[in-house]
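The values are calculated or read from the model by the stated rules, or taken from the named source; none is laboratory data. Here the structure is a predicted model, which means the values were calculated and not measured. Here Cβ is always computed from backbone atoms with ideal geometry, including for glycine, and neighbour counts include all displayed protein chains.
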Amino acid sequence: MLPHLAAANNLARWLTRNGADAEDLVQDAYLRALKAFDGFRGDNGRAWLLRIVRNTCYTWLQENREHELTAAFDEETHVTEDSSSDPETLLLRSADKQFLNEALERLPLEFREVIVLRELEGLSYKEIAELAGIPVGTVMSRLARARERLQQLLTAPVKEPLT
Amino acid sequence: MNCQENEMLIHAYVDGELDLLSTVKLEAHLRDCTPCAQAHRNLQTLRSGISSGDVYFKAPNHLAERVRLALQEADNGEAYSSASVQEMSRRMPSQQLPKRMWWQFSWAWAGVAAAVAMAGLVVWRLDPGVSRRSQNELLAQEVLSSHVRSLMANHLTDVPSSDQHTVKPWFNGKLDFSPPVKDLAAEGFPLVGGRLDYLDDRPVAALVYQRRKHFINLFIWPSDSGSGQKTVMRQGYNLFQWTQSGMSYWAVSDLNSTELQDFVHLVQSHTPGTP
């Protein structure tokens with residue numbers, strides 16, 4: 001058994017949105033972790049490993065899907081201010097695995113990332129800040145915008161074509 | 001409290017990242033403000049949907065074996081060094097793993113760690129410096145975030161008082177050190193109050209001063225890490241850091257750098273010891 005493998009795989013899978021790529025990157029990340037192990041200081045092995053997984057994924061994205069990294073920033077500005085989600089639709093669809101999966105996959109990368117780290121891995125703002133190399137205040141605002149966007153995606157009329 | 005501000009705080013609230021005073025204020029607000037209460041309920045719905053929605057990707061069964069083999073291959077059959085096993089156990093505490101998993105893990109990795117340690121000594125010599133520098137960077141960012149949060153969350157002071165003899169004793173029993181507190185009203189920087197904050201993994205004293213419309217947060221905590229002074233500018237804020245009499249000081253404000261520097265000199269001259 002390897003430590004933190006589930007978390008590593010989950011993060012890589014959500015960042016790449018592809019199972020096979022995620023597996024390759026998890027393997028790379030563990031090899032990198034092994035080499036860097038001597039530089040590891042502190043007591044949070046999981047956050048340390050996830051940081052390596054994240055960096056490995058970002059390097060890969062840069063080389064293979066550069067448009068996603070830039071698209072993420074563009075999309076940020078397009079978030080509409082309207083956050084009046086219909087509570088009943090939200091309740092129904094957020095409980096629907098299919099809907100939820102699709103909505104999460106459609107989130108821009110940096111939004112998807114904070115949601116996964118916070119909601120699925122349960123990391124604190126501080127841990128996310130260190131992991132992603134951003135200030136704690138940015139974690140808070142990014143998470144807020146990510147959740148707003150997610151609500152919009154979940155409650156949007158179904159007819160809207162998926163991109 | 002206006003609602004746009006609260007919208008952000010609701011997120012910090014559901015994440016358990018809001019300080020006590022702001023929590024109390026926000027809860028009162030949620031009782032009165034229908035849109036915010038609805039936003040709060042929506043957020044809870046969303047979060048419970050995600051956590052129970054089965055969207056966590058489980059690692060496929062073959063992945064553990066695959067990664068283990070890759071690590072073994074990288075290992076190249078080097079002899080294990082028991083010293084490095086102990087070193088790793090110490091540095092990556094086992095309480096995060098069931099004991100059996102931990103030992104398998106550390107033995108599998110020990111050999112490679114030893115091999116690479118010899119080959120890459122130079123790299124690791126550099127590493128402490130690198131990580132110290134980035135720790136300082138992170139700390140500066142942390143200090144700045146605390147400053148911004150203290151203004152944003154309307155939680156500037158726990159003890160609002162311009163009287164240093166009220167502010168200083170207030171910290172008694174709340175901190176394991178006694179921060180020097182000095183009102184600098186005569187010099188144009190009136191003391192506004194004090195606050196408990198949390199930085200660098202410990203509770204710290206935050207003293208708040210004012211210059212015209214600008215607030216200055218002065219963070220103080222015991223530290224023996226080095227001396228010297230640092231000036232950083234980030235996101236339009238000025239940060240000054242120095243160590244004096246065994247305490248680490250961080251002054252942060254949107255005040256211009258010259259006046260903030262004046263403030264720093266004043267604090268330094270009222271504090272025993274040389275910076």
- Message: Which residue is surrounded by the most Cβ atoms within 10 Å (Cβ to Cβ), if the candidates are limited to region A:8-36 and must be modelled with pLDDT under 90 and among the aliphatic types (A, V, I, L, M)?
- Response: A:A33
- Pairs only if they're at least six apart or on different chains, beta carbon under 8 angstrom, first in region A:31-53 and assigned by TED's automatic domain parsing to the domain that holds A:K126 and over 20 Å from A:L123 (Cβ atoms), second modelled with pLDDT under 85 and of a type in the set (D, E, K, R); list them, first residue then second. none
- Item | Single residue of B:L20, B:L9, B:L63, B:L26 found to be at pLDDT 90 or above and more than 11 Å from chain A (Cβ to nearest Cβ) | B:L26
- Query: Which residue, of B:L30, B:L63, B:L18, B:L46, is more than 27 Å from A:K97 (Cβ to Cβ) and in a helix (DSSP H, G or I)?
  - Reply: B:L30
- Task: For region B:237-248, indicate whether the set of residues that are polar (S, T, N, Q), under 15 Å from the mean Cα position of the chain (by Cα) and in the same structural domain as B:Q141 (by TED's automatic domain parsing) is non-empty.
- Result: yes
- Message: I need a count of the residues in region A:90-122 that are at the interface with chain B (Cβ under 10 Å from one of its Cβ atoms) and hydrophobic (A, V, I, L, M, F, W, C).
- Response: 11
- Task: Identify all residues within region A:106-120 that are in contact (Cβ under 8 Å) with a residue 60 or more places away in the chain and crowded, with 20+ Cβ neighbours inside 10 Å; write none if there are none.
- Result: A:L109, A:R112, A:E113, A:V116, A:L117
- For region A:79-89, does any single residue satisfy the condition of being more than 9 Å from every other protein chain (Cβ to nearest Cβ), at pLDDT below 90, assigned to a helix (DSSP H, G or I) and over 18 Å from A:L5 (Cα atoms)? yes
- Message: Yes or no: region B:194-211 includes at least one residue that is more than 10 Å from chain A (Cβ to nearest Cβ), at pLDDT 75 or above and over 30 Å from B:Y13 (Cα atoms).
- Response: yes
- Return the total of residues in region B:226-260 being in contact with a strand residue (DSSP E or B) (Cβ under 7 Å, 6 or more places away or on another chain) and free of Cβ contacts under 8 Å to residues at least 24 places away in the same chain. 2
- Message: If I ask for residues that are free of Cβ contacts under 8 Å to residues at least 40 places away in the same chain and farther than 19 Å from B:C3 by Cβ, which ones from region B:16-34 would you list?
- Response: B:G16, B:E17, B:L20
- Message: Please return the ranges of strands (runs of 3 or more DSSP E) entirely within region B:154-273 where 3 or more residues are surrounded by fewer than 16 Cβ atoms within 10 Å (Cβ to Cβ) and out of contact with any His (no Cβ under 9 Å at 6 or more places or on another chain).
- Response: B:229-234
- Query: Restricting attention to region A:133-158, and to residues there that are in contact with a Lys or Arg (Cβ under 7 Å, 6 or more places away or on another chain) and aliphatic (A, V, I, L, M), which single residue is farthest from A:F99 (Cα to Cα)?
  - Reply: A:V136
- What tally of residues in region B:1-28 results from selecting those that are buried (at least 17 other Cβ atoms within 10 Å of the Cβ) and farther than 22 Å from A:R142 by Cα? 1
- Message: If I go through region A:52-65 residue by residue, how many of them are crowded, with 20+ Cβ neighbours inside 10 Å and either in contact with a Gly (Cβ under 6 Å, 6 or more places away or on another chain) or of a type in the set (D, E, K, R) (or both)?
- Response: 1
